[in-house]
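Note sheet for the following structure.
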Amino acid sequence: MIRWLLTSGDLLAKLVRFGFIGGLSGTIYAAVTAALVAGLGIDPVPASVAGYCASVPASFLGHRRFSFRSNGHWTWEAVRFVVAQALNIAVTAGSMHAAVHWFGSAWWWGMVAAVILVPIANFVFMNLWVFRNQQAG
């Protein structure tokens with residue numbers, strides 16, 4: 001079972017691996033965002049963008065090598081990854097802006113929305129476009 005989970009090209013195995021790396025990336029995002037807002041008093045929207053940017057390197061490396069086990073050319077994958085992340089940053093900033101400025105909610109509701117919405121879009125983009133040269137399982 002563990003071997004299958006770690007090496008399979010099956011969609012369910014990819015989703016589990018993706019969830020693990022996504023959890024790591026989400027933790028980095030949440031920790032940096034919370035530290036900037038609660039610790040340093042930075043506005044939630046730019047803090048959210050900074051938190052997201054801080055999580056990108058771990059996300060790329062983890063998803064490329066572990067989640068999707070890609071054997072494509074890393075520079076082209078990095079370009080596609082950055083494009084996908086730019087869209088995700090827009091979702092992250094939009095979620096934070098909507099929570100804080102439209103709904104008058106606490107900043108952390110924007111963070112919660114981003115942590116839910118971004119992984120869904122990310123999995124689809126990464127599986128079908130960014131890391132399309134995956135090792136057979």
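Observations, loosely collected:
- Residue that is within 18 Å of Val112 (Cβ to Cβ), exposed (fewer than 13 other Cβ atoms within 10 Å of the Cβ) and out of contact with any His (no Cβ under 9 Å at 6 or more places or on another chain), where the choices are Ala90, Ala50: Ala90
- Residue match in the stretch 104-118 (condition: in contact with a Lys or Arg (Cβ under 7 Å, 6 or more places away or on another chain) and within 19 Å of Phe20 (Cβ to Cβ)): no
- Residues being surrounded by 18 or more Cβ atoms within 10 Å (Cβ to Cβ), among the aromatic types (Phe, Trp, Tyr) and either over 15 Å from Leu11 (Cα atoms) or over 13 Å from the mean Cα position of the chain (by Cα) (or both) - total across the stretch 112-137: 1
Read-outs: derived from the displayed coordinates by stated rules, not from any lab. Bear in mind that the values here come from a model prediction, so they are computed numbers and not experimental data. No Cβ is skipped: glycine too gets one built from the backbone with ideal geometry, and neighbour counts run over all protein chains shown.
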